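The values are calculated or read from the model by the stated rules, or taken from the named source; none is laboratory data. Computed from a predicted model, the values in this text were never measured in an experiment. Virtual Cβ from ideal backbone geometry, glycine too; neighbours counted across all protein chains shown.
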Amino acid sequence: MKHLISLYDLNVEQFEQIFNLAEKLKRQVKEGVQHHMLKGKTLGMIFTKSSTRTRVSFEVGMYQLGGNSLFLSSNDIQLGRGESIYDTAQVLSRYIDGIMIRTFKHSDVEDLAKYGNIPVINGLTDLMHPCQILADLFTVYEHKGTLKGLKMAYVGDGNNVANSLLHGCAKVGMDIAVAAPKGFECDEGIIQEAKDDAKISGSEVILTDDPEKAVHNADVIYTDTWVSMGQESEKEQRVKIFMPYQVNSELFSKAKEDAVFLHCLPAYRGYEVTEEIIDGPQSVIFDEAENRLHVQKAVMALLMGQ
Ligand code: CP
Ligand code: NVA
């Protein structure tokens with residue numbers, strides 16, 4: 001593993017390796033045991049989009065690993081004024097030990113990895129959100145004790161989160177059903193990759209526009225905002241289209257009785273999910289958010305450590 005750009009690049013053993021280390025690091029934090037696996041190392045964090053969880057969890061994660069982090073907002077660095085990805089990658093590679101980037105174009109992340117010679121971590125693009133889904137699957141594992149054979153249902157926009165969820169579930173052998181309205185389905189190339197991996201892991205990929213079909217018998221129900229970063233001007237139109245995809249008590253009752261609810265956050269109560277679900281007893285959203293920290297620390301330690 002040289003970078004973390006797409007979950008499709010990882011094999012199932014690497015998922016296990018990340019989860020095992022995340023479990024250990026999480027325990028060590030709780031027990032107050034130091035684990036300076038990245039002492040003296042620096043992570044550069046490039047952001048061209050907003051963030052609460054990603055920024056804070058990576059920054060705190062580097063600190064806990066004994067390293068340092070730099071917040072590089074595109075408003076402040078020359079990349080935002082048109083300096084090339086090539087030059088940025090070359091220059092940063094001379095100063096720091098790894099880059100985490102959150103941006104719009106997925107190919108910019110791939111180029112950064114191609115032109116630099118340090119590990120690159122995808123902190124979300126318009127196409128994927130791999131760190132999120134690693135934390136999500138780790139959270140499901142904590143609550144259910146297994147991943148293989150479970151059913152994940154994602155209801156809503158076929159966006160970056162849904163794309164990476166397809167990749168991740170198919171890799172670890174979880175059935176995945178995505179219910180999205182016509183015209184808002186997941187990326188075609190990613191659907192194909194997930195289907196290929198599902199054949200290997202023995203899981204199923206179900207694509208539908210019917211939320212009830214997706215959540216039927218599900219162990220996990222997942223949704224995300226209907227208006228991703230960069231789509232703000234489409235809000236009114238999207239809310240109309242997506243309203244039948246709201247995760248509410250009625251829809252939730254079609255899943256297994258002990259199903260858990262996930263949301264990558266930020267959430268918009270009353271839109272993609274109702275209060276009674278997101279703030280109810282089956283919601284594990286804050287465990288999920290916390291696990292960003294532990295899982296990303298494992299990823300950084302594996303990519304940037306000795
Ligand atoms: N889930 C997630 O990536 O949150 P932020 O946008 O706050 O980083
Ligand atoms: N799909 C959302 C995820 C935010 C973490 C977005 O891209 O804005």
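Worth pointing out:
- Candidates LEU38, LEU137, LEU43, LEU79, filtered to the one that is within 30 Å of GLU185 (Cα to Cα) and of a type in the set (A, V, I, L, M): LEU137
- Checking every residue in segment 116-124 against the condition of being within 16 Å of ligand 1 (Cβ to nearest atom), aliphatic (A, V, I, L, M), within 17 Å of LEU4 (Cβ to Cβ) and touching a residue at least 24 places away in the same chain (Cβ under 8 Å) gives at least one match.
- If you go through segment 250-305 and pick out every residue that is of a type in the set (Gly, Ala, Ser) and in contact with a Pro (Cβ under 9 Å, 6 or more places away or on another chain), you end up with 0.
- Hits in segment 138-167 - residues which are of a type in the set (D, E, K, R) and in a helix (DSSP H, G or I): GLU142, LYS144
- Those residues of segment 195-246 which are within 15 Å of ligand 2 (Cβ to nearest atom) and touching a strand residue (DSSP E or B) at 6+ places or on another chain (Cβ under 6 Å), in sequence order: TYR222, THR223, TYR245
- Filtering segment 213-234 to residues that are outside any loop (DSSP other than H, G, I, E, B), within 16 Å of ligand 1 (Cβ to nearest atom) and closer than 21 Å to GLU288 by Cα leaves TYR222, THR223.
- Considering only residues in segment 140-180 that are among the charged types (D, E, K, R) and surrounded by 24 or more Cβ atoms within 10 Å (Cβ to Cβ), the one that is farthest from ligand 1 (Cβ to nearest atom) turns out to be LYS171.
- Residue in segment 288-301 that is under 16 Å from the mean Cα position of the chain (by Cα), more than 19 Å from ALA162 (Cβ to Cβ) and basic (Lys, Arg) present: yes
- Single match in SER74, SER6 (criterion: out of contact with any Cys (no Cβ under 9 Å at 6 or more places or on another chain), at pLDDT below 95 and surrounded by 13 or more Cβ atoms within 10 Å (Cβ to Cβ)): SER74
- Condition met for ALA135 (within 16 Å of ligand 2 (Cβ to nearest atom), surrounded by 16 or more Cβ atoms within 10 Å (Cβ to Cβ) and in a helix (DSSP H, G or I)): yes
- Single residue of VAL161, VAL172, VAL155, VAL178 found to be in contact with a His (Cβ under 7 Å, 6 or more places away or on another chain) and either more than 16 Å from ligand 2 (Cβ to nearest atom) or of a type outside the set (Ser, Thr, Tyr) (or both): VAL161
- Residue count for segment 38-78 under the criterion of being among the small types (Gly, Ala, Ser), within 12 Å of ligand 1 (Cβ to nearest atom) and under 17 Å from LEU303 (Cβ atoms): the result is 1.
- Test: residue in segment 185-207 that is at positive phi and without any contact (Cβ under 8 Å) to a residue 60 or more places away in the chain: yes
- Verdict on VAL215 being more than 16 Å from the chain's Cα centre (by Cα), crowded, with 24+ Cβ neighbours inside 10 Å and β-branched (Val, Ile, Thr): yes
- Only residues that are free of Cβ contacts under 8 Å to residues at least 40 places away in the same chain, among the polar types (S, T, N, Q) and either within 28 Å of THR42 (Cβ to Cβ) or out of contact with any Phe, Trp or Tyr (no Cβ under 6 Å at 6 or more places or on another chain) (or both) were counted across segment 274-305, and they come to 1.
- Those residues of segment 285-306 which are aliphatic (A, V, I, L, M), under 22 Å from ASN68 (Cβ atoms) and touching a His at 6+ places or on another chain (Cβ under 9 Å), in sequence order: ALA301, LEU303
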